[in-house]
Each structure stands twice: as structure tokens, then as C-alpha cells.
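Asks: Quick one: the structure is below, and I'll ask about it shortly.
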Amino acid sequence: MNYLLAVIIASALGYLLGSLNFSIIFVKILTGKDIREMGSKNAGLTNTYRCVGKQCALLTLVGDVLKGVLAVTLAMLFCNMLKAGIKGDIQYIGYIAGIGAVMGHIFPVYYGFRGGKGVLAGASAFIMIDPKVFIAVLAIFVVILAISKYVSLASIFSSAYCPIAVFAMSYFVNSCSLGLSILYTVLSAVMAGTIIWKHKPNIDRLIAGTESKFVFRK
């Protein structure tokens, strides 16, 4: 029963915090406009940067990273209080909170279920779940972005790499059991698959050669 309660709490925390879309919030505060009606109409960091500028994008970055970190931290605290760890390990609950945060970011209850693509929410969860995975995934993102100049392509590749990094870090580096390593890999694959699915329009544009490249604003 404690395991079920921990999962429910983690899912709810992740979803409710993930639904706080700081792109929508800060663009509305600073411009009075809805970012979902601007540019690519995506309530995310890249569209915010392109349409409103670096200051608003920085606020969005900080807010969206903090919500992922906070969701996982609070979920793990509750899991500890409930003594709902698996073989003493509470990492699984971080993945549950991360999935909730991604779903909240994509389908925010506060904004008519129209949000972003969940990249930052998912990535920031790993700061608390396993920083080594976060660094590995971030490295892939930076390399692909530097080579291609496509944020969407970097997001897709780093998301696809994430479950591989999770298994490698869990089983070979952190010495988790094979069962736990597979569990963490499956949970991370759910996060990654959801994010990649949200990038379908970007994938279509990449294939057609019409996807916009990322350039730093002066």
C-alpha cells in the first residue's frame, strides 16, 4: 500500500508542478501575449528565446528546471517518509515524478492542456535522480546542437540516448541490480518516448528540410 501511495503522490506532484509552464507565465507577464500564439506556437524555451528574447528565455529556463528538480525532491522525501523504497532504493519514485512533470508540461491543467514538449522538465528531473545521466544526456544534446544547429534534432537524439545512459549508469556504474536497472530504463523510456512523440511535427519538418535552425540573438 505504501508503494502505491508513494507512486500516486509522486505522479500528482510531478504533474501539478510540471503544469506550471514558465514560458507561458513569463511571456504573459513581460509582454501581455500568449507564447502559444507566437512563432512556432510552442510553449517552450526555444520559441520563447526566438520570439521574446534572452531575458525571458533565461527566466523560463530557471523556472522549468526548478520545477523538475522540486518535483523529484519532494516525491523522494515523501517516499522516504512512507518507507516505500525498493530494497532501500527510492530512485524509482524520482522517475515517476519525472514522468508526471513531463506530462504536466505537455498537458498543463492550468492552461487548457496546451503546453510545450517536455524537454526541460524531463532533463531537469535527472539532476536529482542521477546527475551522471543528466551530464551524459546534456553532452549529447550540446554536441548534436553544435553540429546540426537544430534544437529539435538535439532534443530527439538526447531523448533517445537517455534510456541507454540510464541502464549503463544504473547497472555498470551505480551497481544496481539488473531488475532495478531495467525498471529505471523502462521508466526513462516512457519519458523519452513521450518527448520524441511530441516532436513529430519537427521530425516532419526535418525530413522536408523546412525546420528552423537555432541562432544566437545579438
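The values are calculated or read from the model by the stated rules, or taken from the named source; none is laboratory data. Computed from a predicted model, the values in this text were never measured in an experiment. Using ideal geometry, Cβ is built from the backbone for each residue, glycine included, and neighbour counts are taken over all protein chains shown. Heavy atoms of the whole protein, side chains included, go into the accessibility calculation; ligands, DNA and RNA do not. Shrake-Rupley method; radii C 1.70, N 1.55, O 1.52, S 1.80 Å.
Asks: DSSP loop (so not H, G, I, E, B), at most 13 other Cβ within 10 Å: list which chymotrypsin sites (Phe, Trp or Tyr not before Pro) in the range 99-191 pass both filters.
Replies: Passing both the DSSP loop test and the Cβ count: PHE113.
Asks: Further, regarding this structure: Would you grab the residues whose amide H sits under 5 Å from the one on LEU20? Only those 5+ places off in sequence or on another chain, please, with H modelled 1.01 Å from N.
Replies: none
Asks: Return a whole-number percent for the relative contact order of the range 97-184, with Cα pairs under 8 Å and 6 or more residues apart as the contact set.
Replies: 18 percent
Asks: A follow-up question, please. On a 0 to 90 degree scale, rounded to 10, what angle separates helix 22-31 from the longest Cα axis of the chain?
Replies: Taking Cα atoms only, the helix is inclined about 30 degrees.
Asks: Please report the relative contact order for the chain, taking Cα pairs under 8 Å with a sequence separation of at least 6, and give it as a percent rounded to a whole number.
Replies: Computed over the chain, the figure is 21 percent.
Asks: Moving on to the next point. If r is the Cβ-Cβ distance from MET81 to LEU58 and R0 is 45 Å, what FRET efficiency results, to the nearest 0.05?
Replies: 0.85
Asks: Compute the signed sum of charges (Lys and Arg +1, Asp and Glu -1) over the other residues within less than 12 Å, Cβ to Cβ, of ILE35.
Replies: Summing Lys/Arg as +1 and Asp/Glu as -1 gives +4.
Asks: A further question on this structure: Expressed in nm to one decimal, what extension gain is obtained for the pair ALA12 and PHE214 from 0.36 nm per residue of sequence separation less their Cα-Cα distance?
Replies: Value of the extension gain: 69.3 nm.
Asks: May I pose another question? Taking K and R as +1 and D and E as -1, what net charge do the other residues with C-beta under 15 Å from the C-beta of THR194 add up to?
Replies: +3
Asks: Determine the per residue accessible area of the range 11-93 with all protein chains present and a 1.4 angstrom probe, expressed in square angstrom.
Replies: With all protein chains present, the range 11-93 gives 47 Å² per residue.
Asks: Angle check, please: helix 2-18 long axis (alpha carbons) against the longest principal axis of the chain (alpha carbons), in degrees 0 to 90, nearest 10.
Replies: Value to nearest ten degrees: 10.
Asks: Tilt of helix 54-82 relative to the longest C-alpha principal axis of the chain, in degrees (0 to 90, nearest 10)?
Replies: Orientation of helix 54-82: about 10 degrees from the principal axis.
Asks: For the range 135-218, what is the charge dipole size about the Cα centre, in debye to the nearest 20, if Lys and Arg each add +1 at the Cβ and Asp and Glu each add -1 at the Cβ?
Replies: Its charge dipole is roughly 400 debye.
Asks: May I ask you to list the trypsin sites (Lys or Arg not before Pro) in the range 144-212 that are in a DSSP loop and have at most 15 other Cβ atoms within 10 Å of their Cβ?
Replies: LYS149
Asks: Among 76-85, 45-54, what's the highest-first ranking by average C-beta atoms within 10 angstrom per residue?
Replies: 45-54, 76-85
Asks: Further question on the same structure: Tell me the carbon and sulfur percent of the accessible area for the range 28-141, rounded to whole percent, probe radius 1.4 Å.
Replies: 71 percent
Asks: Mind scanning LYS87/LYS200; LYS87/LYS198; LYS41/LYS149; LYS33/LYS213; LYS54/LYS200; LYS83/LYS132 and naming the pairs with a C-alpha gap bigger than 29 Å?
Replies: Beyond 29 Å between Cα atoms: LYS87/LYS200; LYS87/LYS198.
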